[in-house]
Amino acid sequence: MPKLDNQTIQFALVVAVAAAMVIQTIVLLAALIVLRKLAKSIRGQIADVHDSVMPVIDDTRELIARVKPRIEETTFDLALLARSLRDQTADIQVAADEIIARARSQASRIDNMFTGVLDAVDRASTFLTDTVAKPMRQLTAFLASARAVVESLRSPDGVPRTGANRGPGGIDPFD
């Protein structure tokens, strides 16, 4: 085996490093070529997606630009409608409160009228009872006494018959 001196070892190391650098350069060039092809492929796919998506985005922008004034107008109209409904609801509430107050007033008035009528009927019935019933009782008592007198005069002994001077139901009008 030949003797390896420092120069030979250094030369071998330089050759090995140079060979490693050449291999590394070849690998990097191959990676660069693969990355370029991949970049071209991705650019193509992005261009395809861009070409298919951009018309949709443009149409959407145009649609939004056309519809935006209508949306704003509709929103404004809805706000006016809501405000109008609130005002009308308040008016209806005021009218309903007024109607209820009037109905209560009329109900109180009708109640007072019926109370007055019923009080008058009660007074009239009391007056009628005092005016008609009392003389009727007195007349009934007078007739019963006259009947008792007539019966006692008609009886042969002069003594009234038993139960002859009794009223309906066996009630004595003189008791």
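For the reader, a short list of remarks on this structure follows.
- Computed from phi, the 3J(HN,Hα) profile of the stretch 27-33 under the Karplus parametrisation 6.51, -1.76, 1.60 (θ = phi - 60°) reads 5, 5, 5, 5, 5, 4, 5 Hz, with x in place of Gly and Pro.
- Compared with the dominant principal axis of the Cα atoms in the chain, helix 134-154 is inclined by about 40°.
- If R0 equals 35 Å, the separation of the Cβ atoms of residue 59 and residue 35 corresponds to a calculated FRET efficiency of about 0.45.
- Identified option (computed semi-axes √(5λ) of the Cα gyration tensor in Å; candidates (1) 139, 32, 15; (2) 27, 17, 16; (3) 31, 18, 13): (1)
- Most mobile of 103, 79, 133 in a GNM of the chain (Cα contacts under 10 Å): 133
- Across the alpha-carbon atoms of the stretch 1-53, the computed radius of gyration and Dmax are 22.5, 73 angstrom.
Read-outs: derived from the displayed coordinates by stated rules, not from any lab. For clarity, every value in this text was computed on a predicted model and none was experimentally measured. Note that each Cβ is placed from the backbone with ideal geometry, even for glycine, and that neighbours are counted across all protein chains shown.
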